[in-house]
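Report on one structure; see the data block that follows.
Readers should treat all values here as calculations from the given coordinates under stated rules, not as data from a laboratory. From a predicted model like this one, the values you see are computed outputs, not experimental measurements. A quick note on method: Cβ atoms are made from the backbone with ideal geometry, for glycine too, and the neighbour counts reach across all protein chains shown.
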Amino acid sequence: KERAKLKSSISRLVCILFPELEKLVSSLHLATVYALLEEFPGSKQIAKAHLTRLKTLLGNASKGR
């Protein structure tokens, strides 16, 4: 029950702070999405990030998948 509340809170915050993300991923509750948001909490930070850093971060979070 607590986990469901946390997921709901994350979804609400993402909808407010980074609404376009929900359209780009199959679920907000994936390890890759959590890693991305931990490192880059908003769209502006992601836009400024170096592509190599994004690729490495997502590759590590997805375990190469």
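Do any GluC sites (Glu not before Pro) in the chain lie in a loop, going by DSSP, with at most 14 other beta-carbon atoms within 10 Å of their beta carbon, and if so which? Let's see the in-between values first.
Working: sites: GLU2, GLU20, GLU22, GLU38, GLU39; in loops: GLU20.
Qualifying residues, ordered by number: GLU20.
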Exercise. Between the stretch 1-18 and the stretch 46-65, what is the C-alpha centre distance in whole Å?
Worked result: 23
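What net charge do the residues around SER9 carry, taking every other residue with its C-beta under 14 Å from that of SER9, with Lys and Arg at +1 and Asp and Glu at -1? Write down the numbers at each step before the final one.
On the way: positive: LYS1, ARG3, LYS5, LYS7, ARG12; negative: GLU2.
Once positives and negatives cancel, what remains is +4.
What is the chain's relative contact order, in percent, from Cα pairs under 8 angstrom and six or more apart in sequence? Present the calculation step by step, with values, prior to reporting the outcome.
Details: 24 pairs, mean separation 18.5, N = 65.
Across the chain, relative contact order equals 28 percent.
Treat the chain as a sphere of radius equal to its Kirkwood radius over Cα pairs and apply Stokes-Einstein at 10 °C in a medium of 1.306 mPa s; give the translational diffusion coefficient in µm²/s, rounded to a whole number. Don't skip to the answer; put the middle values down first.
Details: Rh = 12.4 Å.
It diffuses with D of about 128 µm²/s by this estimate.
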Problem set entry | Gaussian network model of the chain, springs between alpha carbon atoms under 10 Å - residue of SER11, SER43, SER26 with greatest fluctuation | SER26
